[in-house]
Every structure is written in structure tokens, then in C-alpha cells.
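Colleague: One structure follows; several queries about it will come next.
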């Protein structure tokens, strides 16, 4: 069974069709990129897969669970345990430090794992900034906080909305390598929405969202991987030297 199974999905606003006939199956260990023109509904599709937005037709199953069959509380609990979401607008909490923001998914599951938090921060290049508040960080650093927070609890499904939009090419390659490494190491899956050809080139498959559904898309650029951080696969501090 695919980890993510989307069938016949449609989203409309009043009489306007955002997209329809969307079918998508993503297997464990797979990294999929979705590209497309601005306004075609890529972020909306990602929000539907996370059950953050309602859809008008079709079905979404994640890890065998029919998301439409859950009430609001059930969907929230499912997100907490099964999803890691990198929001385009970061959504970090301003009154919490970097490490506290990253640790939130663990705390919501009543897990205390400072070594894991440190490992993920190291992996995305934020070691040493644990005690900083969000207002003291750059846009690129905030983006990496959001990525670390999505990774820290090792969710089966990672959803990333333009995760490299505020990053320089070197840092972007690094964090995409980290995402790819976690997908492989944990048998998870990642769906990445991006306008960046370089980001899409890290994916196993690239699909284009059109008003009539998802279609295969060519992606220019090398399918090279940034060095995967061992910190994500091994939380032993010695592995991060």
C-alpha cells in the first residue's frame, strides 16, 4: 500500500476550479517534487494532503487512514504523529527559542529528546543558535528552523512548501540533502512543492500540477545530492564531529 494515496481530488472556490482529477501515489522511501505555474494550487494541494484545507471531491489516504473520516480533533492528532510540514511562512513561535521551536513536535507527543533536537539543528547548519529567539534570525535561518521542526519527530510523511525559497544555493543543497537522507533512513516519504528546478532535481519524480491534474514533468539540472548529514541517521554526538 502506498504511504500516500490521493484519488480524484478536486478543489474549488465558489464556481472557480483550482484543480481536479488529481491522482497521486507516493511510496515509502520516495521523494516527489510538484512544480507548476503560480496560482495553480500547489500549496492548496499540500494543505489538503495535510488535512489543513478541505477538498470538494476525491479521497486522501495517508498510511492507510482516510483523512475525510476523521473529525477535526482526529485530523489534528493524526498530523501531530504522522506529518512534518515545512510552511512557506515558517510559522515559528516568536516567544520560544530555536531549540524550543524545534522540540515542539516531540513535546506534543510527550517525548523529551534534546539529543535529537541538537542532531537535527546540526544537520541543517544551526548548531550554536539553540538559545536565539526568532526575531534575531535571518529569513534563511528561520526557514531552517521550520525544516528542523518538521524532521525532529521522524514523521512518516514530510510535506515541504518552497523549503529553499530563502536559502542560498549551497545551504539549499544541504537541507535538501538532509530531507532526502531522512526519507531514505526512516522509510518515510516527502512531497516537495517548489518553483526551483535545482530543488526539484533532488526528487525521485517530478510532477507538474495543472488544472486537470498531475502530469509527469521534466526537470533540468543535475540529480546530485548534497552530502547527507550523518546526524539524522545517527544521533550519537560523536557522529557529528
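Colleague: Considering only DSSP beta bridges where both residues belong to the chain, give the percentage that are antiparallel (nearest 5).
Modeller: Working: 18 of 35 bridges.
Close to 50 percent.
Colleague: Order these by the 10 Å Cβ neighbour count, fewest first: 60, 34.
Modeller: 60, 34
Colleague: Only Cα pairs under 8 Å and at least 6 apart count here; give the relative contact order of the range 13-95 as a rounded whole percent. Before the final figure, lay out the partial values.
Modeller: Working: 25 pairs, mean separation 12.6, N = 83.
Once divided by the residue count of the range 13-95, the mean separation gives 15 percent.
Colleague: Calculate how steeply helix 169-186 sits against the longest principal axis of the alpha-carbon atoms of the chain, using the helix alpha-carbon long axis, and give the answer as 0 to 90 degrees to the nearest 10.
Modeller: So the inclination is approximately 80 degrees.
Colleague: Bin all alpha-carbon pair distances of the range 1-88 at 10 Å intervals from 0 and give each bin's fraction as a whole percent.
Modeller: Computed distribution, short to long bins: 16, 51, 31, 2.
Colleague: Can you sort 56, 113 from fewest to most other Cβ atoms within 10 Å of each residue's own Cβ? All intermediate terms of the calculation are to be shown ahead of the outcome.
Modeller: Numbers: 56 13, 113 16.
Final ranking by Cβ density, sparse to dense: 56, 113.
Colleague: Relative contact order of the chain: what whole-number percent is it, with Cα pairs under 8 angstrom and at least 6 residues apart? Intermediate results must be reported in sequence, preceding the final value.
Modeller: Working: 481 pairs, mean separation 65.4, N = 241.
Once normalised by length, the contact order is 27 percent.
Colleague: Based on DSSP H runs of at least 4 residues, each adding -39500 (n - 2.57), what is the mean residue ellipticity at 222 nm of the chain after dividing by all its residues, to the nearest 500 deg cm²/dmol? Walk me through the numbers on the way to the answer.
Modeller: Working: 8 runs with 79 residues, N = 241.
Calculated from helices alone, the mean residue ellipticity at 222 nm is -9500 deg cm²/dmol.
Colleague: Under 10 Å, Cα contacts only: if you run a Gaussian network model on the chain, which one of 38, 16, 138 comes out with the highest mean-square fluctuation?
Modeller: 16
Colleague: Name the residues of the range 29-55 whose amide N is less than 11 Å from a point 7 angstrom out from the Cα of residue 13 along the C-beta direction?
Modeller: Taking a point 7 Å out along Cα→Cβ of residue 13, the residues of the range 29-55 whose backbone N falls under 11 Å are 39-41, 44.
Colleague: What is the extension gain from residue 25 to residue 65, computed as 0.36 nm multiplied by their sequence separation minus the C-alpha to C-alpha distance, in nm to one decimal?
Modeller: Details: separation 40, 0.36 × 40 = 14.40 nm, distance 1.39 nm.
Result: 13.0 nm gained on full extension.
Colleague: Oh, and also: Just round it to a whole percent: the fraction of Cα-Cα distances in the range 89-156 exceeding 19 Å. Mind showing how you got there, number by number?
Modeller: On the way: 443 of 2278 pairs.
Tail fraction, whole percent: 19.
Colleague: Can you give me the P(r) profile for the range 61-129? Cα pairs, bins 5 angstrom wide beginning at 0, each as a whole percent.
Modeller: Each 5 Å bin holds this share of Cα pairs: 3, 14, 20, 22, 18, 11, 8, 3, 0.
Colleague: If you rank 21, 202, 95 by fewest surrounding Cβ atoms within 10 Å, what's the result? It would help to have the intermediate numbers written out before the result.
Modeller: On the way: 21 15, 202 28, 95 9.
Going from sparsest to densest Cβ surroundings: 95, 21, 202.
Since every read-out is calculated from the coordinates, none of them should be taken as a lab result. Predicted model, so just to flag it, every value in this text is computed and none were measured. Counting neighbours? That spans all protein chains shown, and the Cβs are built from the backbone with ideal geometry, glycine included.
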